[in-house]
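Structure, as structure tokens:
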Amino acid sequence: MVQSLTQPDDFRRLLQRRPLARHAGWSLHACKPEGQASADLSTRESSRVDPPVEDSGSEPRRECEQGEALVLTGVVLSRRNVRRATTRNLMRRIWRVLLAESPGATLDGWQVVLRRTAPWSRETFRSTQSAPLRRQLRGDLTVLRDALVAAERRATASPQPSGRPGPSRP
């Protein structure tokens with residue numbers, strides 16, 4: 001399940017990290033906080049107290065069901081780089097769909113920020129309804145999603161045994 005990052009501190013923390021991948025005017029910042037995701041998704045009772053309704057965000061975060069992966073994502077698209085709001089919304093939608101259909105990896109616990117770093121040419125793609133625009137976006141964002149999936153595989157890969165027994169300790 002893909003949910004939105006909502007806290008400015010989360011965005012700041014992720015954007016201060018070195019990009020996990022860059023491609024065609026995009027940069028992908030991501031991390032997997034150690035221990036945080038599994039503690040939040042535990043079925044046992046937690047000591048966490050929910051804030052009052054007045055202090056909570058506009059939309060409450062839906063809890064994951066058993067076996068469902070949770071990815072928190074945010075997209076940073078400045079008006080300076082992408083002038084049309086419809087294009088910015090299309091970029092966000094395509095990114096969320098690509099994360100939701102990640103093949104072969106459960107991106108559980110990852111926090112991801114996608115940022116547009118270069119201006120998007122309005123003259124090249126006149127309409128957000130054009131098929132070439134959607135193909136271009138899907139292609140660019142698929143490369144970044146695949147880099148995230150590769151990082152997840154590296155993070156979950158078990159170390160290869162060297163074949164030699166280690167020193168025995170009494």
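A single member of 118, 100 is of a type in the set (A, V, I, L, M) and either at pLDDT 90 or above or in contact with a Phe, Trp or Tyr (Cβ under 9 Å, 6 or more places away or on another chain) (or both), and it is 118. Hey, any hits in region 94-102 for a residue that's under 13 Å from the mean Cα position of the chain (by Cα), in a loop (DSSP other than H, G, I, E, B) and more than 20 Å from residue 136 (Cα to Cα)? No; the residues of region 94-102 include none that is under 13 Å from the mean Cα position of the chain (by Cα), in a loop (DSSP other than H, G, I, E, B) and more than 20 Å from residue 136 (Cα to Cα). Out of all the residues in region 74-93, which are part of a helix (DSSP H, G or I) and either surrounded by fewer than 17 Cβ atoms within 10 Å (Cβ to Cβ) or in contact with a His (Cβ under 7 Å, 6 or more places away or on another chain) (or both)? Across region 74-93, the qualifying residues are 85, 86, 89, 92, 93.
Within region 119-145, the residues that satisfy the criterion of being open to solvent by less than 80 Å² (accessible area, probe 1.4 Å) and touching a helix residue (DSSP H, G or I) at 6+ places or on another chain (Cβ under 9 Å) are 120, 125, 127, 128, 133, 137, 141, 142, 144, 145.
Applying a threshold of 9 Å to beta carbon distances and a minimum spacing of six or more residues, or different chains, the list of pairs starting in region 124-153 at a residue that is in contact (Cβ under 8 Å) with a residue 40 or more places away in the chain and polar (S, T, N, Q) and ending at one that is in a helix (DSSP H, G or I) and open to solvent by less than 40 Å² (accessible area, probe 1.4 Å) reads 128/87; 128/90; 142/98.
Taking region 94-118 as the range and being open to solvent by 40 Å² or more (accessible area, probe 1.4 Å) and in contact (Cβ under 8 Å) with a residue 40 or more places away in the chain as the test, the residues that pass are 96, 100, 103, 104, 106, 108, 115, 117.
On the basis of being at pLDDT 90 or above, in contact with a Leu (Cβ under 8 Å, 6 or more places away or on another chain) and over 23 Å from residue 151 (Cβ atoms), does residue 28 make the cut? No, not satisfied.
The values are calculated or read from the model by the stated rules, or taken from the named source; none is laboratory data. Just so it is clear, the model here is predicted, and its values are computed rather than measured. Note that we place each Cβ from the backbone using ideal geometry, even for glycine, and neighbour counts take in every protein chain shown. Side chains are part of the model used for accessible areas, which takes the heavy atoms of the whole protein and leaves out ligands, DNA and RNA. Shrake-Rupley method; radii C 1.70, N 1.55, O 1.52, S 1.80 Å.
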